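Worksheet for the structure shown next.
The values are calculated or read from the model by the stated rules, or taken from the named source; none is laboratory data. Keep in mind it's a predicted model, so treat the numbers as computed, not measured. Every residue, glycine as well, gets a Cβ built from its backbone with ideal geometry; the counts of neighbours run over all protein chains shown.
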Amino acid sequence: MAYCFLSYARSDAGDPYFEKFVKDFLEELRGRIGAYTIDGSAFRDSDSISLGSEWEPSIERALLVCRAFIAMLSPTYLRRPACSKEWACFEWRLRTLGNESSAGLLLPLVWIPIPDEDFPTAVRRRQRSHASLGPVYAARGLRYLVKRDGVEYRDFVDALADLVRDLVRMPPLSSPPAIPDELDDPFAITNTDEVRPICRSREGIDVYELVLQMT
């Protein structure tokens, strides 16, 4: 079982700074939890699904058993249905099976800064910065820290590894047998547009209808 589920937009992962962060963070986490290697410490679809396996069931299983959820927020992340679904699944698990102390198991990290007014309500209501992560991260986002590769970045990685270590030491969140067939889209536009979940296809993929409200 992976300690954490890494949720990200595929196009962001093509950035070499993204790969550097993932490697640095997992190595720091490995040392703190006493693992021999970084393998298996985090679920990432590009690394954790075997060749030839069905990717959708593998992702759902990981979301049902992971100890924590890390969302790498960016403008691209908020526009990707797969990212929205991953967030919705873990947030549903927290809401139905968690308690007050488990609310912090969903960690939104700002990879690329997003204007506050562009955050959907599901993201806006969660704390996205902390004093331990530093003021430069709060102002410029994580990618900027990785690019500079200075003391602020190393302090950030240390603080995040400490935080995730403490989270996975908590009693694990219960693992339900399955994810509901229909979940609301947490990133839905709520002012002029309406997003309605219709159903889940035979492949297990949610289908959404976007209704434009003409004014």
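A few remarks follow.
- From 131, 122, residue being of a type in the set (Gly, Ala, Ser), surrounded by fewer than 17 Cβ atoms within 10 Å (Cβ to Cβ) and modelled with pLDDT under 95: 131
- No other residue among 26, 63, 73 is in contact with a Leu (Cβ under 7 Å, 6 or more places away or on another chain) and at pLDDT 90 or above apart from 73.
Every residue, every condition in (1) in contact (Cβ under 8 Å) with a residue 60 or more places away in the chain; (2) among the polar types (S, T, N, Q); (3) farther than 25 Å from residue 184 by Cβ, yes or no:
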| site | (1), (2), (3) |
| --- | --- |
| 101 | yes, yes, no |
| 119 | no, no, no |
| 125 | no, no, no |
| 141 | no, no, yes |
| 155 | no, no, yes |
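- Of note, residue 58 satisfies the criterion of being among the small types (Gly, Ala, Ser), modelled with pLDDT under 90 and touching an Asp or Glu at 6+ places or on another chain (Cβ under 8 Å).
- Residue satisfying all of: in the stretch 161-196; touching an Asp or Glu at 6+ places or on another chain (Cβ under 6 Å) and at pLDDT below 50; surrounded by the fewest Cβ atoms within 10 Å (Cβ to Cβ) among these: 196
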